[in-house]
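Notes to accompany the following structure.
Where a number appears in this text, it was derived from the coordinates with a stated rule and is not lab data. Everything quoted here is computed from the prediction, not taken from an experiment. Counting neighbours? That spans all protein chains shown, and the Cβs are built from the backbone with ideal geometry, glycine included.
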């Protein structure tokens, strides 16, 4: 890659948390008010002019949400600080999703500008869908993709225009009853991306969406469903920043991936919500025969993140992978992990998780590897490495592994370490400050994993890590 | 609940000191008030709690003398112990106390009842003081309210005892409930080893066992405990063990688990002194519909200490094993080295191995790791042996015994190791030879 190209990319992906630290006046045309009731859900459904079955789906999910207890029997008690009755569940400008850049309102453009989502990104992104609060405010896709039959729309549009494609899989990989927060999302979802890649179509460039929260006390409940038809390939990238508010904000997304026979889906997330956000996300992929689902997941922001991307290995020879990096700074709890459900012979899965705890930050790995039936030749490999920077940093690891069957192998390894004093001393001798040395050591810790990431994301991630490491020593 | 377990049947209430009466009644309250485990309880995850029942068991009346004598004769795992006790359904069958020489040094080895009379202060300080935090608090309460059988061992400062103490706990009666208790207190720089053995009289007598063992290792003390659990497969068993290790103490625990219909084993080690070194080893042979549910907890409350855990399970038929281990390193426990390994060998496609190796690390200058692997017999190794003329079954047996040898050799006694190999062989022979 040429220098100019690299420079351009560096410019393009500048995401600075400070830049997210601003707001615009709230002038929302549709506002479901505060709190969650049947009326709120009906209101959302009315505004979206949804068909009856979607409305029923939402109401049923609300019922499940109300019945399910908080998972505090295993999860952190911090969940009890979420006040569901003080959250706004729906906001929209009533915008029709924009089709060209010119249609996008100026203040929204400015927001994206400050977030570092400039127009030139389109050069290397096949389509951009950026979400301003609940609705897709900007949507663009290159013509050649449209010609190939790729569908890339918001959730409402997807269910309305292409029910024959999306309805069979909607809520199937992650049922509303999966957990309390998937039920919440199913009742209140708005926004997100619905993507369909036809048979044999291999997207060379990643699709990308930026999400953003911009109303105080506003929970964002986007819903994403990606279907890769037989033999197709897609990479999807999702990045987040959010402005800072004084009261807590809830983000609870549901992401479902469906990889049909021999398809490949790669889903990349860089999560950098501000430190008052509860980020409780359910992500799961289904891999059919010979298919591959790969989650690349980086969690840097938020107050509490609970996210365990999973793959249901449903067809013979399916592959699942989760590569994750978590960075927990003061006041943050990154509770992340992975789930691998082996339901067919010859399925393989790989989990590599690296976490860094700074100051009083706490990072937690929870994993589940399940080979419950009489399967043959399944393999799982799990590696969890934790790095602790300060004396009061904390890390936990809670894997759960169930194995049955013939010729299956499962291995799990975890280690906890700190940056060695020798390393720091050596680097400081060579003229680096202690902070720089620490930053370098931390980047070294995650370097191997970063190689698996697309270039632009690893550069962005390095910058974010450097920023987080500022002031962590000395 | 139809059981009469809630009515304590403890003996000679006249001589019960106040502190003990209080601990017993507190235990009974705990047993009554804590609900039965539920599937939602993380401490019982994967356990088949739905099938767990402790109803209909009762403490048995004293067995006939010929039963006591016969089982005493069958208590022969170690030929020359320093002290030896045999209990059948919590009734003493025989007791070999210590030599006068050791008694003069201040060593105490007595049944609970005698220890309560002769050493009330020692008992008040240690007896029923420490419970695991691993989920069986209800059953610890039951034990506290009901315990009467068990041996108390006290080794004063600097005393070294080479030959082991051995306690045999048998069940015999119909639907008998037993509450074996082992207490080991090793003062500073003392050295001692203890073997606890759990046997059933026949293959058929149903029983409920709620055993507790508490070990206190003082500064520089060296305590080696071995546990042999070979109940029949009609027994519901709980073993709730705790260890407290002070500065520079060395504690090694080796558990061999063969029997029981379902066996819950909780092993908790609390390191309270810098430089302590604790080892926890276990091997389990699971067959038929047996369920082995093992929960371990390595608590590092002091710096510079080492703990090492290795639990190996071999699974036949439709058996299940659950290993749930947690290493917790407290904020001030810097320079901790803590390791935890669980290895499961699946010998039947229907067997079910669950593993939950956990870490909670609150200090940064530590070396901690855990690993869990589950797999089948290595096909390449099997092929190699078969190509050398060893029949498949024999080759598999060799590999299984090789898998266990790592634990067996930790027993560090040729006689006991030999006896343990025989027990394991016995269990495997019919399985791998068919």
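For the protein assembly as shown, take N as its residue count and report Rg(C-alpha) divided by 2.2 N^0.38 Å.
Working: Rg = 30.9 Å, N = 908, 2.2 N^0.38 = 29.3 Å.
It is 1.06.
Please compute the average number of Cβ atoms from other chains found within 10 Å of each residue's Cβ in peptide A:386-398.
6
Please report the antiparallel percentage of DSSP beta bridges with both residues in the protein assembly as shown, rounded to the nearest 5. Display every interim value, and only then the final one.
Working: 34 of 293 bridges.
Antiparallel: roughly 10 percent of the beta bridges in the protein assembly as shown.
Using 1/(1 + (r/R0)^6) with R0 = 30 angstrom and r between the beta carbons of residue A:172 and residue A:275, what's the FRET efficiency to the nearest 0.05? Let's see the in-between values first.
Details: r = 35 Å, r/R0 = 1.15.
It comes out at approximately 0.30.
According to a simple spin-label model (label point 7 Å from Cα along Cα-to-Cβ), what is the distance in nm between residue A:390 and residue B:117?
With each label placed 7 Å out from Cα toward Cβ, I get 6.1 nm.
Given R₀ = 41 Å, what would the calculated FRET efficiency be for residue A:406 paired with residue A:73, taking r from the Cβ atoms and rounding to 0.05? Show your work: numbers first, answer last.
Values: r = 34 Å, r/R0 = 0.84.
FRET efficiency, residue A:406 to residue A:73: 0.75.
Report the antiparallel proportion of the DSSP beta bridges in the stretch B:13-376 as a percent, rounded to a multiple of 5. Mind showing how you got there, number by number?
Working: 9 of 144 bridges.
The antiparallel fraction comes to roughly 5 percent.
Mean residue ellipticity at 222 nm from the helices of chain B, using -39,500 (n - 2.57) per DSSP H segment of n ≥ 4 over the full residue count, to the nearest 500 deg cm²/dmol?
Details: 9 runs with 101 residues, N = 434.
Counting only the DSSP helices, I get -7000 deg cm²/dmol.
With springs connecting C-alpha atoms under 10 Å apart, model chain B as a Gaussian network and identify which of B:188, B:308, B:55 has the largest mean-square fluctuation.
Per the Cα network of chain B with a 10 Å cutoff, B:55 tops the list.
Just to check, using Stokes-Einstein with a Kirkwood Rh over alpha carbon pairs, what's the diffusion coefficient of the stretch B:184-342 at 25 °C and 0.890 mPa s in µm²/s?
Numbers: Rh = 15.9 Å.
In µm²/s, the coefficient rounds to 154.
Quick one: which of B:337-348, A:163-174 comes out on top by average Cβ neighbours within 10 Å, and what's the full order, highest first?
Numbers: B:337-348: 22.4, A:163-174: 17.4.
Result, highest mean Cβ count within 10 Å first: B:337-348, A:163-174.
With viscosity set to 1.567 mPa s and temperature to 4 °C, compute the Stokes-Einstein D of the stretch B:276-384, Rh being the Kirkwood radius across alpha carbon pairs; µm²/s, no decimals.
On the way: Rh = 14.8 Å.
Roughly 88 µm²/s, to the nearest whole number.
Compute and list, largest first, the equivalent-ellipsoid semi-axes of chain B from the alpha carbon gyration tensor, each √(5λ) rounded to a whole angstrom. Let's see the in-between values first.
Working: eigenvalues 202, 138, 104 Å².
Values for chain B, descending: 32, 26, 23 Å.
Would you mind computing Rg(Cα) / (2.2 N^0.38 Å) for the stretch A:420-474, counting N as its residues? Working shown, then result.
Details: Rg = 11.9 Å, N = 55, 2.2 N^0.38 = 10.1 Å.
Dividing the Cα radius of gyration by 2.2 N^0.38 Å gives 1.18.
If I take every Cα pair under 8 Å that is 6 or more residues apart in the stretch B:377-434, average their sequence separation and divide by the length, what percent do I get for the relative contact order?
Details: 20 pairs, mean separation 20.4, N = 58.
Contact order relative to length: 35 percent.
Based on other C-beta atoms within 10 Å, arrange A:63, A:39 from fewest to most. The partial results should precede the final answer.
Values: A:63 16, A:39 12.
The order, fewest Cβ neighbours first, is A:39, A:63.
Efficiency by 1/(1 + (r/R0)^6): what FRET value for residue A:56 and residue A:86, r their Cβ-Cβ distance, R0 = 30 Å, to the nearest 0.05? Present the calculation step by step, with values, prior to reporting the outcome.
Numbers: r = 27 Å, r/R0 = 0.91.
Once the sixth-power term is evaluated, E becomes 0.65.
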